[in-house]
Every structure is written in C-alpha cells, then in structure tokens.
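Chemist: Here it is, the structure in full.
The values are calculated or read from the model by the stated rules, or taken from the named source; none is laboratory data. Bear in mind that the values here come from a model prediction, so they are computed numbers and not experimental data. A quick note on method: Cβ atoms are made from the backbone with ideal geometry, for glycine too, and the neighbour counts reach across all protein chains shown. Side chains included, ligands, DNA and RNA excluded: accessible areas come from the protein's heavy atoms. Shrake-Rupley method; radii C 1.70, N 1.55, O 1.52, S 1.80 Å.
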4 protein chains.
Amino acid sequence: MASKKSAPAKKKATQAAGKPPKGYDTRQAKNRKLTRKDVKKAAKRYSNWGRWGKKDEIGTLNFTTPEDIVAAAKLVRKGKVISLALNYDQQGPQGAKSKYPALGRFNPIHLMTRTGTDAYSGVLDKRGIRGTDDIIIMPLQCGTQWDGLGHIMFEDNMWNGYDCREVTSAGAQKAGIEKTKEKMIGRGVLLDVARAMGHEFLPDGFAITNEILDYTEKVQGVEVRRGDFLLVHTGHVQRCLTNQSWDGYSGGDAPGFAFETVEWLHKKEIAGVATDTWGAEVRPNETEDTNQPWHWIAIPMMGLTVGEIFHLNELAADCADDGIYEFLFVAPALPITGAVGSPVNPLAIK
Amino acid sequence: MASKKSAPAKKKATQAAGKPPKGYDTRQAKNRKLTRKDVKKAAKRYSNWGRWGKKDEIGTLNFTTPEDIVAAAKLVRKGKVISLALNYDQQGPQGAKSKYPALGRFNPIHLMTRTGTDAYSGVLDKRGIRGTDDIIIMPLQCGTQWDGLGHIMFEDNMWNGYDCREVTSAGAQKAGIEKTKEKMIGRGVLLDVARAMGHEFLPDGFAITNEILDYTEKVQGVEVRRGDFLLVHTGHVQRCLTNQSWDGYSGGDAPGFAFETVEWLHKKEIAGVATDTWGAEVRPNETEDTNQPWHWIAIPMMGLTVGEIFHLNELAADCADDGIYEFLFVAPALPITGAVGSPVNPLAIK
Amino acid sequence: MASKKSAPAKKKATQAAGKPPKGYDTRQAKNRKLTRKDVKKAAKRYSNWGRWGKKDEIGTLNFTTPEDIVAAAKLVRKGKVISLALNYDQQGPQGAKSKYPALGRFNPIHLMTRTGTDAYSGVLDKRGIRGTDDIIIMPLQCGTQWDGLGHIMFEDNMWNGYDCREVTSAGAQKAGIEKTKEKMIGRGVLLDVARAMGHEFLPDGFAITNEILDYTEKVQGVEVRRGDFLLVHTGHVQRCLTNQSWDGYSGGDAPGFAFETVEWLHKKEIAGVATDTWGAEVRPNETEDTNQPWHWIAIPMMGLTVGEIFHLNELAADCADDGIYEFLFVAPALPITGAVGSPVNPLAIK
Amino acid sequence: MASKKSAPAKKKATQAAGKPPKGYDTRQAKNRKLTRKDVKKAAKRYSNWGRWGKKDEIGTLNFTTPEDIVAAAKLVRKGKVISLALNYDQQGPQGAKSKYPALGRFNPIHLMTRTGTDAYSGVLDKRGIRGTDDIIIMPLQCGTQWDGLGHIMFEDNMWNGYDCREVTSAGAQKAGIEKTKEKMIGRGVLLDVARAMGHEFLPDGFAITNEILDYTEKVQGVEVRRGDFLLVHTGHVQRCLTNQSWDGYSGGDAPGFAFETVEWLHKKEIAGVATDTWGAEVRPNETEDTNQPWHWIAIPMMGLTVGEIFHLNELAADCADDGIYEFLFVAPALPITGAVGSPVNPLAIK
C-alpha cells in the first residue's frame, strides 16, 4: 500500500503548463489510418472477458478495493465539494445543430403534476396539504452521464462475452447500470490536458495520446493508479458555455482520446474514466470505416465504465489553484433496472 | 470541534435492544388531538426563515460546514459502501392498492431507443457502431428520493417565505433541487428505531417521539449533531419486500415521526433527514384536520430536506453488527432545474 | 353495384334475438386442439401477400373503393353520431389484475404545462395571454385503438412479406400506421353477436364461429360486403364498466373470434374489423402452443387492420332500436410515422 | 332548409383569383392600433356565455344540427378522402428557430416497447407471439390539432364563464376536449384566401379581414353557413415544407385572421374554424399590449373550437380543380379526459 500514499504534490509553481511534449502533432487524428483490422486486434489484446468470472457484470469497477476507498476518503482535506454535473434542463446540450446524424437524444422534459399556483388557487386544499410534485422525461445519456456496460456491442457480444440480444426493448438483462449501485466511489484523479497543453479549450480533432497522458501526469505531479476514476479535462463543455451555443457538441467533432489510449487505460487498470466531451474519444475519428472505435474496445471488451458531459471546469480551476489533482470521487448512478446509462451528479470532494 | 470527535462507540454488547422507554404508548398517534392551531404555533416557533439571509434556497443544508465534511470522511474505516436506493423499475412501490386518494405517481417507465436486438439484426450497422440507448419517464418522487424545499407550501408561502407562486407549471423558480447540488454530503447517523423498540418492522401508526429518538441515541451509543444527515430505520420498506406487496405503502398508513419531533429536529440543527417510509411521518396523522402536519413545518418553515423510501435494511444490519451508527453519507440529488424532488442513490460509506 | 344498395332492413320486430344456431356449443374454444401446423396452413391459404403489389403497405384497406365511400355516405339518414371510443384517462383498462404476463401498457398520462391556476396566479401575464397547454404519454394501444400492419409478425416476416427487421427501435419503416391516413372510412356494419346469442355480455372463452357470424347477419338483416368495416359487439367493455373493474380484461380471457373466422373474413374481403375486446380473438386461445393464433394470420398474412377496445354498447343499442346495422364509419388513425398502432376516436354516423 | 341546399357551385372558369378587394392594404396589421380596451369591448359584444345553458362545455359546436350532418354527408360525390394532417414525427414544426419566447412544445417522441428486431432475435418467442408495441410522448398541440375550450382564459374565466381555476395541473375539469367526442363532424368549407389573393403563400403579417373573407366566398362561389367547419388556406404549412424549414413557424409571425374577424365568425355562427398556420390569427398581432387578441375572444368568449397546423394544400388544389369548396368534414378529437387540445387526423371527404 506504500505506493498508494497520497501526499499532496504541490506542483503549482513548477508546472510547465502549455508546453506540449516535444514533437507532438495535434493533426495526427486527421490522418485516419486506423482500420477495422486494428480495432479487432485491439479487441483481442485488451479484452477483460472472464477476468472477474463468467458472471461478472461490472467490469473494471472491480479494480477498486475497500482499501482504495478508505485511502480515497483520506484525500478530503478542506471539505470542498465540487459538482461535476450540468443542470438537467432545456438549456442542455441536446437538440443543437450537427453535421452528423442525430443520436435521438433530447434535453430533459420536466413537468409538474401539482404546483404552487394550484396551491395559491386553493384547489389543493381538499387534500389537506399544499404539496407539489413533478415528473421527468429524459434520455439517460442526454446530459452528465455514465455509459453502462450494455451501451456498446462488439459485433454480436456485449461486456464479458454476453450475447448482444441480452439488451432487448425490455432493457439490459445483463450488465444493467443498476449493478454498479455501490461501486461509483474511489480516488478521483484529474488530468487537465487542456491546461497542460496550454489551451483553455482543446480544439476539435485534438487527439489525446498516451504520450500526452504521461506528460500531463508528470507536469501535474499526480499518478493514475489501479482502481482510480480518471477525469480528463479538455474544456469542451466550457467552450460551449462560453460561446453560448451547443452547436456541434452532441455527437459532433471533439477533442478526445486517441484510439491508442485503450492500451494506456488497460495498463493503468483504472475503474472508470470520464471527460467533458460528449463521447470521450477524438472526433473526427482516426478511421473512416468504424464509428467511435475507442468505444468498441473500452466498453464491451475492457468493461470500462465511461462518463461523458462531465463539467470539469471548476474542478480544473481548483486543482490548478491548490496543485492537488486527486480527491475523493463519488458519482453514484441511479440504479435504473436494465438501463444502459444513467444521469449522475458526480462529486469531487477535496 | 472537540465535541465532534468521532471515536466509534462500540455499543454492540451493551445495547438493550427491544426495550422501549418506560411508559411508552405506541397507540398515542391514534389519539389525533393535534389541531390546526398547534400546527400554526409550531410554524412560528420552528421557522428558520431569514436565518441564512433573504435569498437562501437550501435551508438546513447550510448547517453542514467544510469541517464537518472533513470529519465525516474520517468515518470511512473499512471501505464498505452501502447503497440506500431501491432499484428504479416496475417493481417499485407505486400503483399498489391504497385506501387513501392516489398521489398520481407511477413506477419508472424505462424505454429503449436502440437495442442489442437491433444490433443483432444488423440494422444499426449503417451507423458504424452497435450502440444502445434509453429513456426514462418517472415521477421524481416515485422511489428513493429527496423532497426538495419547493415540495410543500405553508399556506401561501414556501421555504424562506417565498411566494408559493414561485412554483408554477414551469417548475420551481425558487429553491429548486438543483440548488443542493454540492450539498448532500456529510456525517450520516442511523437511528435504528425499529431495532431499539425490539421490532423487525414498526407497525403502521407507530409514532416515533422525541423520547424514542433520545432513547435510540442512547442505546446505540451515537449522538446526532449539528449538520448531520439523520437516517431513521422503521423497517417499512423491508416489510413490503418481505410480504412481496407494496399494498398500502405509498401514500398509506405508516410508522413515522410524531409531530412533536419537529422540535427535536429543529434543536438538533441537522442538515437533512431520511426514512424508509414513503412520507417520513406517522400515519394515520395525529390530527384529522391537517394532512401530513409534520411536513407543513419541516419543509417550508424549517427548510429541512427530507428523504423518503430509503432502503435502510442492509445499513441497519451492518450497524447492528459493528455497533457503529455513523458514517460518511453522500446522496447527491440530480440537479434538475426547478424540480421539487429528485431520485437519488444515497451511499453510506463506512 | 346493385347488390350494394343500402335499403335499411327494419328487422326489429322479427329478430329472433337470443337463439343461437342449433347445436352450437360455446365450450368449443376450450378444446384447444389447434396446432402450429394448422396455423401455418392457414397462413398459406389466407395470405394476401402481393395482392396489391410488392410495395403495398395497407393490405385489406385497399378493398374500399371511392364508390363504396359515396355509398356509405348515403347511409347517413338521421344525423346521429356515435363515438366508439373510451375516454383516454387513468380510468382506462390498463394496469388491472391479470393472470397473464403483463403487456407493458399503461393508462394515458396526461400532464399540463400551463394551467388555469397559473393564469389565476398571474404568472402567465408576462406572456400577454392566459393560455394553457398539455402533454400526453401513452402506449398507442392502451385504449380504443387500431393495430397497424407492423404490429404482428409471422415468423421473420410482416405484412406483404416485408422483413420483420423493418420494425426497429426507430419504428416501422414499412406499413406504419401513417400509411392509412386517408383510408379509415367506409361502410360500417355492426354484428351484435352478444344480442343475437341472447346475452348482454358474452362470457370469456366464448368463440364466435363462422356459423355465428352468418347467423347474426341473418337475424339482424344485414350483409357484410367487400370493403366494409365490420364491428363485432361482445359486450366485453360494457361488462367491465358495469362491474366497475377492468380486472382480467387487458391481455386476459375474453369472448372473441374463433380461429376459423380468418376464412370468413378473408372470403368477405372486408377492409377492417374491430371489437370491444382487448384482443379480438377468443381467449383462452384454441391452442396451447401458439399465443393469439388468429392474429398470426389476420394481420401479417391477410393484411387486415384490426380495431380493439372499441366501445360498442351505445351503437348496439341504437341499432337494436332502429333495426339498422349499417352506417358511415369514420375512424382516422393519427398518422404517427412508423407507429404500429394508433389511438382513435371512431365515429359511427347514422 | 332551402338555403342550405348544396348545389355544387362550379366557379372554376369565372373565378377571378389573384385580385384582392379594391383598396385592400396588406400592411394594415402592422399598424397595431388595437388596445386592451377594444379587446374587452369585443369580449362583451361577442360573448356566447349562457347561450346553450350554464352547463354547456362545447360552445359553438352546438350550432351543428343532425340535419346539417345529413346534408353534409350528401356532399360526398366522388368518394375522395383528403387527410388534412401532417404526420406526427420528428420532422414536425416544433423546435425550429423563433424570435418569440418558446411555447414549450416539442415534436412527438415515438418509442418502441417491442420490435421486429426483438422478434428476429428470438427473444419474444417465450411469449408465443411476435408482436410489437409502441408509445408516444407528445404535446397535444405540437402538430395538426384542435384547441379545446380550456386552452385560453379571458382574465379569470374560461368558456361559458367557468372559473379559470377549473384547469389545474390535473387537467380541465370543465370543457375538456373529451366533451367534443361526437361533435367534430359537419359541412366543411374551404376558403382559399391565398389563391383568392393571387398568392401561393400569404406573407407573414398578412391580415385576413372580413372584407377578404366575403370576397373569397364570392370568387369561390361558396357560402359559409351556420354550423359549418370553416377551413382557411394561407399556404403557411406548405411554404415551410417547400423551404424545408420550420424556422419561424411555430409561435412566430404568420398570415392570419385580423382581429375584426371575430365579428364575422360570430355572425356566421360556424361550429369550428381551422387554418394551416400555427395560431390562426395574424402575427405580428394588431396590438402591442395583448398577445394573440383574437384568441382572447374566439375561444373563451365565443366558445369557438379552433384548429391549427392543418395541412390544407392538397385540399386547396382539389377544390381549385373541381371548383367545389364544400365537403363532408370529419375530424374527431381524441377524447383525452381533461385535455385542452388534441391531435387530430381531419378528413375532408368530397
């Protein structure tokens, strides 16, 4: 456990923010040389099927141990709580313009079934109490969200080799998000790639490579470890909020993980990963024959739970300020039976 | 801060479970002598309006300080995480029989917009990815949930004296649940009243009095403090699960807080309170002329955030087992703008 | 066209209501001797695939000609309009008890997005108009409804031989209900089988045979013709309304068409058929190895549009009263793109 | 009844299309001189409150008599059925750009609960039938629709003087759309104002005055009578379809009724009126201090049922072609209990 000691690395002064690793070429994502064959090779290489038994339904969330949780709780030093959620409402990222085919998601529809105006009008008094009530209609992945392990198939299989037909119109019979209900907690680590690269917002098409992840760890003085929840800040949500437009965000071009990072993430044995983009990986994708190839490996083959549309701006500012990039991370999914995703209010507690 | 030291009180051996305080009469709730005048008097006495300024929208959640959060994190000793949520699905508590008027709530409707069977059929391959997606339709208070401060009005006012017309069909313009997004974390304390009273499940109509709360604290060796989240176990959810029937649960008769506990809770200055009943307070209510009188005071007058339909059985067993009734409690509401409640997956972390 | 002359047959006095055809045994449905092989044979025999071309998407609705519509309009003699719809609300037939597996339907959820109480409270006045608005959430087949031709598959095919995979999570790419938008109109004929059999309500398991249909035509002095919309009254909806309970109705046992009637309906070349039961055919079904065998033939093989949960009581009374069992029938489905069913307010105009 | 004889007026050759009445100024709507005082005066003058008794809930629909329906049925001469509905889907008019505040409506969300791909995958075979099923979520006024009499309030009252508080979050306790279930049928008359004015599409802000209505009647050789359903064609829906954009349509500027037409419509004693615009009346409105002033009078004061987003293009072409502007009109609302509007598939039958 010695290696897990969490002495805060106060790197604020010495951090060489804005200097990308030597020779780094941000245009590489546009080469798009990846082929379906590469994807299949990676599927084989990074598969965790069977690693936690044939009946496992939570994948890499298994990496986090009780000891990790005890250690993560010790990272709470100033009692500051930062929510990583966008509010759920009609100002959310769905429904804006996109050059890509629509994903069919929409912003949350919040409806009242009893109101304070009903109360004022006296029409509730027959109940003997002036109570209000409400309803939500929302795609589970319309805002800040977890992708569950039933969200992406690799050919005819889902996580752990389950038949893809386990996800019917009646929901996911295997690996539903409800299986994670006591698991979304552990040490959180922020890699603020935008800041490390000297950007406020990384541009669309910017591929975050293994080299960049290593570099960011180094300049921020933090090490990603087994069982961690890794948060990667690109500035994408904040760029949209600043521009007062979500056009192009949801389903569109974005900075994000290069395909090769499936190796890095696999090797690090993290529990989960999340970013402030809509889809984690770089877009345009590095290939023309496969859509979101990183997803093909990360979710069904590795069993990695992926968070998207996390709002990391305030956390990034706080980490830059105190130089501490690790914290207690608690982000419990709603245990919706058979769901392939969940809205979430993730908390970073420092 | 000395008084907040959290030395685990190992009371397992000495706890006199099953012995109610001398002279206690469980039938008292049935006397129903409370009048509207008493309710109005309590409203005045226990009002926290203005206590945190005219613009406050979170009420007693203000009691929890950063220091409290740091201290609460230190309660994580074994790395055990217990979810207090029921899964959200068609087996939930809504829609069962009730002798009371319907509340208009229904169990969550979970719908798929793309499936693994679509994937298997090949119809998704034009997208270049076999991804599934889903939607939820749910009353925000249909399962494990927080009541927001916009949920109950006292006459023409809501929390902090805001006009009740701030909650229109467009939602709560004041004190929406989204205002709590960084607040639902602190020291959790379980008072297992059922166990203290020698019951597996408290019967309907059982009124939990101030005396019983004091007694339970004493026998369990735990003290409820300023800024805490208090969880009270009655066994009600577990009774329904054991009986395989939710008949009479939602909106019906229940064990729960006696009206007088508004004084106890006010004095203790807790941040929030939650139970495993649908509506926190004893039912039949202690009055015939007011429906849910405890709610009239607790929410709009005190500004107390209330959790309902928490599933406390596993936590109660764990606390009985190790004799430790305090823990880190993290239960972030979904920040749905203008909502008067929120589903939640509350975690007790020991 | 002479044979289509619509002289009103005033049979009121002479109608021998209550006398079933000689030797008729209502218990026959319980023999349940039908096999999958019989169903397959019928599929072949009564198939209309290709009858209206390879691209047809409306099936037997093609039978109704413009001349039929002109003739049907002439049946309007007294200007009486009878709605055959149940109101859509929480008092509908879904959610009651059933010994059969749930169909996953629920009663309509009607929600307001602006109210008269909002208006009264003054909160709408900033809009310069006091307008209300509302939303519905409903299964398309939860109440009075049309089954579209995409609703039932025969093995891997739907109507006209289309691949069943044309109905994905994105809806029906073929034979969606919107294709019928100008078609649900023609001559309506009521066969009041309940009355002809001497019943107010036919009992569950009562199989309406070809013989009974012929007999009912005869005693009511009406002939079912090519292009007609046939309505069959069993009394089932009215039985539930009278008993003030929908228990057992939706998805449960019922009077209804014997399997053999696919021949009768095929021969008659009707445009559409509707009943006051939830599922048109007799239940328990006449077979144990196939669920709803009549549906297997009627919808995907014959291309017959089927109406269910029609409320035929008032129409039946009116027809018994004036002895006229034919009328103008107008029952336009909502053209919901890709839908496999539609709610409808069917009108019989006499 | 002589005056109601329906001899088809074959005016095709003589119709002076494209010549607006002498001195007509389309810019008049922009003067915006109407005041709240004028609106109040009109409310008093054109009120039908009490005309059909204190308990009436359907207003001008009372004007249509059984004799009118018999006569209307006689207008069916060629058996041609024209649907006036837009399909309900994601291509509908909601969600496009608008310079006005959002109305909170969205296009229909159609979801499958069982699919043909489920069928193909074999997962439905445990049910013994390969059936599909679906659900709709839709604002009742998001597409082709009827405004019910609970949709607009005049100050604190709705139709017939009912208190506006009759429309709560639980729906309309008075004048719900379900009260019209047997009423939406009669003689339909199309006034093709666009064609009469020589336009394919009337421009936004074009006010249709009493004079223009008289003129259109005259040039088209058709007379609007008591109990009729009047359809007014402006070309607005078709303009959007032609431009492949709904931008500005829903809630935006439009051609439509001048305020003064409340007098014309009142005098004519029509049963209902519908247009192909989103909101019937000219916009920008003729006043700056009242939003949609025509609605203030037509719905709550006159009790006039109003149809919107009717797709009148095909009907207009057919009427221009045969010179017959009258027909049987059948447009039954879905009887959704307590609804203030309803989607509808209106049929013109010629």
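Chemist: Can you name the number of the only condition in (1) assigned to a loop (DSSP other than H, G, I, E, B); (2) surrounded by fewer than 24 Cβ atoms within 10 Å (Cβ to Cβ) that B:P300 fails?
Modeler: (2)
Chemist: So B:L328 ticks every box in (1) more than 7 Å from chain A (Cβ to nearest Cβ); (2) not in a loop (DSSP other than H, G, I, E, B) but one. Which box is left unticked?
Modeler: The number of the failed condition is (1).
Chemist: Please find, within the range B:308-330, the residue that is nearest to the chain's Cα centre (by Cα) out of those that are open to solvent by 10 Å² or more (accessible area, probe 1.4 Å) and within 17 Å of B:G92 (Cα to Cα).
Modeler: B:H311
Chemist: Just to verify a result, which residue in the range B:194-219, among those that are under 25 Å from B:A71 (Cβ atoms) and of a type in the set (V, I, T), is least open to solvent (accessible area, probe 1.4 Å)?
Modeler: B:T216
Chemist: Considering each of C:K78, C:K4 in turn, give the residue that is within 26 Å of D:E67 (Cα to Cα), at pLDDT 95 or above, surrounded by fewer than 20 Cβ atoms within 10 Å (Cβ to Cβ) and out of contact with any strand residue (DSSP E or B) (no Cβ under 7 Å at 6 or more places or on another chain). Show your work before the answer.
Modeler: Working: C:K4 fails: at pLDDT 95 or above.
Exactly one of C:K78, C:K4 is within 26 Å of D:E67 (Cα to Cα), at pLDDT 95 or above, surrounded by fewer than 20 Cβ atoms within 10 Å (Cβ to Cβ) and out of contact with any strand residue (DSSP E or B) (no Cβ under 7 Å at 6 or more places or on another chain), namely C:K78.
Chemist: Take A:D134 and decide whether it is outside any loop (DSSP other than H, G, I, E, B), within 22 Å of D:L111 (Cα to Cα) and touching a Ser or Thr at 6+ places or on another chain (Cβ under 8 Å). Spell out the reasoning first.
Modeler: Numbers: outside any loop (DSSP other than H, G, I, E, B): yes; within 22 Å of D:L111 (Cα to Cα): yes; touching a Ser or Thr at 6+ places or on another chain (Cβ under 8 Å): yes.
The answer is yes for A:D134.
Chemist: Limited to the range B:56-77, what total is found for residues that are within 11 Å of another protein chain (Cβ to nearest Cβ) and either among the β-branched types (V, I, T) or assigned to a loop (DSSP other than H, G, I, E, B) (or both)?
Modeler: Of the residues in that region, 8 qualify.
Chemist: Also: Could you identify the single residue in B:A254, B:A333, B:A271, B:A280 that is surrounded by 24 or more Cβ atoms within 10 Å (Cβ to Cβ), within 14 Å of chain A (Cβ to nearest Cβ), farther than 25 Å from A:I69 by Cα and of a type in the set (A, V, I, L, M)? Before the answer, list the steps.
Modeler: Working: B:A254 fails: within 14 Å of chain A (Cβ to nearest Cβ); B:A333 fails: farther than 25 Å from A:I69 by Cα; B:A271 fails: farther than 25 Å from A:I69 by Cα.
Answer to the check: B:A280.
Chemist: Only one of A:D156, A:D118, A:D68 is within 22 Å of A:F310 (Cβ to Cβ) and at pLDDT 95 or above. Can you tell me which?
Modeler: Details: A:D156 fails: within 22 Å of A:F310 (Cβ to Cβ); A:D118 fails: within 22 Å of A:F310 (Cβ to Cβ).
One residue alone meets the criteria, A:D68.
Chemist: Looking at C:K218 and the list (1) in a helix (DSSP H, G or I); (2) touching a residue at least 24 places away in the same chain (Cβ under 8 Å); (3) among the basic types (K, R), which single condition is not satisfied?
Modeler: (2)
Chemist: Give me the residue from the range C:81-111 that is of a type in the set (D, E, K, R) and modelled with pLDDT of 95 or more and, out of that set, farthest from C:C164 (Cα to Cα). Please lay out each step first, then the result.
Modeler: We begin by selecting, within the range C:81-111, every residue of a type in the set (D, E, K, R); these are C:89, C:97, C:99, C:105.
In the following step, the residues that additionally are modelled with pLDDT of 95 or more were identified as C:89, C:105.
Working: C:D89: 32, C:R105: 22 Å.
For the range C:81-111, the residue satisfying everything is C:D89.
Chemist: If the requirement is being on the phi < 0 side of the Ramachandran plot, over 14 Å from the mean Cα position of the chain (by Cα) and in contact (Cβ under 8 Å) with a residue 24 or more places away in the chain, which of these qualifies: C:L231, C:L213, C:L191?
Modeler: Details: C:L231 fails: over 14 Å from the mean Cα position of the chain (by Cα); C:L191 fails: over 14 Å from the mean Cα position of the chain (by Cα).
Just one listed residue meets the conditions, C:L213.
Chemist: Restricting to the range C:78-100, name every residue that is assigned to a loop (DSSP other than H, G, I, E, B) and facing another protein chain (nearest Cβ under 7 Å).
Modeler: C:K78, C:G79, C:K80, C:A85, C:N87, C:D89, C:G95
Chemist: State whether one or more residues within the range D:41-55 are assigned to a helix (DSSP H, G or I) and among the hydrophobic types (A, V, I, L, M, F, W, C).
Modeler: Scanning the range D:41-55 turns up at least one residue that is assigned to a helix (DSSP H, G or I) and among the hydrophobic types (A, V, I, L, M, F, W, C).
Chemist: Restrict the check to the range D:52-74 and report whether at least one residue is touching a Pro at 6+ places or on another chain (Cβ under 6 Å), crowded, with 17+ Cβ neighbours inside 10 Å and of a type outside the set (S, T, Y). Let's see the steps before the verdict.
Modeler: Residues of the range D:52-74 that are touching a Pro at 6+ places or on another chain (Cβ under 6 Å), as a first pass: none.
No, the conditions are met nowhere in the range D:52-74.
Chemist: Among (1) open to solvent by 10 Å² or more (accessible area, probe 1.4 Å); (2) at the interface with chain A (Cβ under 7 Å from one of its Cβ atoms); (3) among the aliphatic types (A, V, I, L, M); (4) within 21 Å of A:K181 (Cβ to Cβ), which single condition is B:I109 missing?
Modeler: (2)
Chemist: So in the range D:172-192, with the set limited to residues that are part of a strand (DSSP E or B) and more than 7 Å from chain C (Cβ to nearest Cβ), which one is surrounded by the fewest Cβ atoms within 10 Å (Cβ to Cβ)?
Modeler: Within the range D:172-192, the subset part of a strand (DSSP E or B) is D:172, D:185-191.
After this cut, where a residue has to be more than 7 Å from chain C (Cβ to nearest Cβ) as well, the list is D:172, D:186-191.
Numbers: D:A172: 32, D:G186: 28, D:R187: 27, D:G188: 28, D:V189: 24, D:L190: 28, D:L191: 27.
The residue in question is D:V189.
Chemist: For D:T242, state whether it is surrounded by fewer than 21 Cβ atoms within 10 Å (Cβ to Cβ) and facing another protein chain (nearest Cβ under 9 Å). Let's see the steps before the verdict.
Modeler: Values: surrounded by fewer than 21 Cβ atoms within 10 Å (Cβ to Cβ): yes; facing another protein chain (nearest Cβ under 9 Å): no.
No.
Chemist: Still on this structure: Those residues that are touching a residue at least 24 places away in the same chain (Cβ under 8 Å) and open to solvent by less than 50 Å² (accessible area, probe 1.4 Å), I need them from the range C:160-171; list them, please.
Modeler: Selection gives C:N160, C:G161, C:V167, C:G171.
Chemist: Which of (1) open to solvent by less than 10 Å² (accessible area, probe 1.4 Å); (2) out of contact with any Pro (no Cβ under 6 Å at 6 or more places or on another chain) does C:L103 not meet, given it meets every other one?
Modeler: (1)
Chemist: On the given criteria, is D:K126 in a loop (DSSP other than H, G, I, E, B), surrounded by fewer than 23 Cβ atoms within 10 Å (Cβ to Cβ), at negative phi and over 18 Å from the mean Cα position of the chain (by Cα)? Show your work before the answer.
Modeler: Values: in a loop (DSSP other than H, G, I, E, B): no; surrounded by fewer than 23 Cβ atoms within 10 Å (Cβ to Cβ): yes; at negative phi: yes; over 18 Å from the mean Cα position of the chain (by Cα): yes.
No: the conditions fail for D:K126.
Chemist: Looking only at the range C:137-147, count every residue that is assigned to a strand (DSSP E or B) and not aliphatic (A, V, I, L, M) and tell me the total.
Modeler: 4
Chemist: Would you tally the residues in the range C:117-171 being small (G, A, S) and at the interface with chain D (Cβ under 7 Å from one of its Cβ atoms)? Spell out how you get there, then give the answer.
Modeler: First pass over the range C:117-171, keeping only residues small (G, A, S): C:119, C:121-122, C:128, C:131, C:143, C:148, C:150, C:161, C:169-171.
Add one more test, that the residue is at the interface with chain D (Cβ under 7 Å from one of its Cβ atoms), and what stays is C:119, C:128, C:131, C:150, C:169, C:171.
Total satisfying the criteria: 6.
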